[in-house]
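The values are calculated or read from the model by the stated rules, or taken from the named source; none is laboratory data. Nothing here was measured: the structure is a model prediction, and the numbers come from that model. Note that each Cβ is placed from the backbone with ideal geometry, even for glycine, and that neighbours are counted across all protein chains shown.
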Amino acid sequence: RRSGLQRYGFHGLSYEYIASVLPDVAPEIAQGRVIVAHLGSGASLCALHKGKSLDSTLGFTALDGLCMGTRPGSLDPGVVLHLFQDLKLSAKEVETVLYKESGLLGISGISNDMRDLLGRSEPEARLAVDYFVYRAAKEIGALAAVLRGVDALVFTAGIGENSAEIRQRICEASAWLGITLDSQANARKGPRISTTQSQVSVWVIPTDEELMIARH
Ligand code: AMP
């Protein structure tokens, strides 16, 4: 605080909307421990307990956490020093690399668009998608630790609502938490996409940030 920096978080409108509809859509988890995965061009996770946020993967800026369309997500700060000291980039150039040239676009060298990458066979496109899934599963594990267990996982935003393949891959990587996906429910977008035996229930809930803006 002394230097004026504050960990702030992003996608608040989306998480507020999801928290507001949970009591109707999924009453059995609304008071529980829920990880919401907002996966779009920007991507983040939020750990909700009884509808209140305990932590989020985005912080002081929109660069932290998950791999995004053009932003890298969590990065060793030494990489930024390397860009300045060894590659001699200016502050403006480093900013452009971090906000506009990293993430899915930077890794693939092809596109920042998940749908585009999923349709391609180039190894670089596959690597970008693999990394996206890897980071999401890793951060889900981290937020599970914050919540000391998880009752439910909710997918939302462009990728979370529309890509059954990415949902399936993230759930497979998170199976150790007690997640078993119902592949037919996943293909028709739920809203509940886990089996009835699954310890952790999994949901697809479309977000509505515009409605929250209008309400505010
Ligand atoms: P958003 O920022 O929430 O509008 O999400 C945009 C992202 O969602 C882009 O990466 C799109 O490629 C992705 N997306 C939208 N529809 C699909 C789909 N059917 N399959 C995979 N990705 C999708």
- Message: With assigned to a strand (DSSP E or B), within 16 Å of the ligand (Cβ to nearest atom) and not hydrophobic (A, V, I, L, M, F, W, C) as the only criterion, which of SER44, SER53, SER14 stands out?
- Response: SER44
- Query: Which one is surrounded by the most Cβ atoms within 10 Å (Cβ to Cβ), of the residues in region 17-41 that are within 14 Å of the ligand (Cβ to nearest atom) and part of a helix (DSSP H, G or I)?
  - Reply: ILE18
- Message: It is to be established whether one or more residues within region 189-197 are over 22 Å from ALA43 (Cα atoms), of a type in the set (D, E, K, R) and either touching a residue at least 12 places away in the same chain (Cβ under 8 Å) or not in a loop (DSSP other than H, G, I, E, B) (or both).
- Response: no
- Query: Of the numbered conditions (1) within 15 Å of the ligand (Cβ to nearest atom); (2) touching a strand residue (DSSP E or B) at 6+ places or on another chain (Cβ under 7 Å), GLY149 satisfies every one except a single condition; which is it?
  - Reply: (1)
- Please enumerate the residues belonging to region 198-216 that are of a type in the set (Gly, Ala, Ser), closer than 18 Å to ILE29 by Cα and either touching a helix residue (DSSP H, G or I) at 6+ places or on another chain (Cβ under 7 Å) or not in a loop (DSSP other than H, G, I, E, B) (or both). SER201
- Task: Just give me the residues in region 109-130 being more than 14 Å from the ligand (Cβ to nearest atom) and hydroxyl-bearing (Ser, Thr, Tyr), in sequence order.
- Result: SER121
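Residue-wise test of (1) under 26 Å from GLY178 (Cβ atoms); (2) free of Cβ contacts under 8 Å to residues at least 12 places away in the same chain; (3) in contact with a helix residue (DSSP H, G or I) (Cβ under 7 Å, 6 or more places away or on another chain).
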{"residue": "ASP24", "(1), (2), (3)": "yes, yes, no"}
{"residue": "ILE29", "(1), (2), (3)": "yes, no, yes"}
{"residue": "GLY32", "(1), (2), (3)": "yes, no, no"}
{"residue": "VAL36", "(1), (2), (3)": "yes, no, yes"}
{"residue": "GLY42", "(1), (2), (3)": "no, no, no"}
{"residue": "CYS46", "(1), (2), (3)": "yes, no, yes"}
- Item | Sole exception among (1) more than 16 Å from the ligand (Cβ to nearest atom); (2) touching a residue at least 12 places away in the same chain (Cβ under 8 Å); (3) closer than 24 Å to GLY106 by Cα for ARG169, by number | (1)
- Query: Which of the residues spanning region 172-188 are in contact (Cβ under 8 Å) with a residue 24 or more places away in the chain and within 23 Å of GLY119 (Cα to Cα)?
  - Reply: ALA173
- Check ARG135, ARG148 and return the single one that is farther than 24 Å from LYS189 by Cβ, among the basic types (Lys, Arg) and touching a residue at least 12 places away in the same chain (Cβ under 8 Å). ARG148
- Restricting region 62-102 to residues that are under 15 Å from SER44 (Cα atoms) and charged (D, E, K, R), the residue that is nearest to the chain's Cα centre (by Cα): ASP64
- Note on the structure: So, first residue under 24 Å from LEU75 (Cβ atoms) in region 106-124, second residue at pLDDT below 95, Cβ within less than 8 Å, six or more apart or across chains; the pairs are none
